[in-house]
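Report on the following structure.
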Amino acid sequence: MTQQSLPLSGPLVTLRAVRADDAAPLFDILSEPEVAFWWVGYTPEKVVADFVEQPEITRIIEVDGECAGALWVMRGDDPEYPTTVMHLFIGTRFRGRRIGEEALALAIRAEFASGITRVTLDPNVNNDGAIRSYERLGFRRIGILRDYQVRPGGHLEDALFLDLTRSDFPEGPPLPARD
């Protein structure tokens, strides 16, 4: 997905390019205890470095004109292995409405349309809510990435390796059903 393909919109979510004024709301979200538990160690400076200064991979998840979180879209460079890795977070008050699923579905559809054949995720094995959400979208469990993430205090935790391929959903996964 290139910046030229943004914004992408669904029923509730718009994925758009990052702007400098996104730094403060992103930091606020990353400071929420339920988000900071998984996205550890963010300072205002780290938010700018990791998100604002990386517009080629950062997508802002916007709901009703408000920054609800962010999505990293990291496409591999090797044409023999057309894979994209994604990471995302959303603010706690936006949870429960399948906003993260819609954001992923929009991004995956754009990646598949551009020639990518596989998208991978690697959530912490203990992040049950995220894993359930990803599996509802069609991601499959591939295996465990052992000693993958350094947690606060220095201990290591495993990640669950998940993927979704274009052969699973040639046009991309369906957007979540809305009531």
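Only Lys, Arg, Asp and Glu carry charge here, each on its Cβ (+1 for the first two, -1 for the last two); on that basis the chain has a dipole of about 460 debye about its Cα centre.
From largest to smallest, the equivalent ellipsoid semi-axes obtained for segment 41-81 from the alpha-carbon gyration tensor read 23, 16, 7 Å. When H155, H87 are compared by accessible area at a 1.4 angstrom probe, the order from most to least is H155, H87.
So, R0 is 41 Å and r is the distance between the beta-carbons of E32 and Y81; what FRET efficiency does that work out to, to 0.05?
Rounded to the nearest 0.05, the efficiency is 0.70.
Extension gain, I144-E53: 0.36 nm per intervening residue step, less the Cα-Cα distance, totals 29.6 nm. Where the alpha-carbon atoms of the chain are placed on the principal axes, they occupy 40, 38, 38 Å, in descending order.
Order the following by accessible area, largest value first: L104, L175. Probe radius 1.4 Å; ligands, DNA and RNA are ignored. List each step's numbers first, then the result.
Values: L104 0, L175 50 Å².
Sorted descending by solvent-accessible area, the residues read L175, L104.
When each full DSSP H helix of the chain is screened for a Cα extent of at least 18 Å along its own axis and an average Kyte-Doolittle hydropathy of at least -0.5, the helices passing are 99-113.
Mean separation of Cα pairs under 8 Å and 6 or more residues apart, divided by the residue count, gives the chain a relative contact order of 19 percent. Extents of segment 20-101, largest first, come to 40, 30, 26 Å (Cα atoms, principal axes, whole angstrom). What separates the Cα centres of segment 135-179 and segment 1-50 is a distance of 19 Å.
Overall, the accessible surface of segment 57-179 at a probe of 1.4 angstrom is composed of carbon and sulfur to the extent of 48 percent.
Translational diffusion of segment 48-139 was estimated from the Stokes-Einstein equation, with Rh taken as the Kirkwood radius over Cα pairs; at 25 °C and 0.890 mPa s the coefficient is 176 µm²/s.
The Rg/Rh ratio for segment 91-139, using Cα coordinates for both the radius of gyration and the Kirkwood hydrodynamic radius, is 0.99.
The values are calculated or read from the model by the stated rules, or taken from the named source; none is laboratory data. Everything quoted here is computed from the prediction, not taken from an experiment. Glycine also receives a Cβ, built like all others from the backbone with ideal geometry; neighbour counts cover every protein chain displayed. Keep in mind that these areas ignore ligands, DNA and RNA; they rest on the heavy atoms of the full protein, side chains included. Shrake-Rupley method; radii C 1.70, N 1.55, O 1.52, S 1.80 Å.
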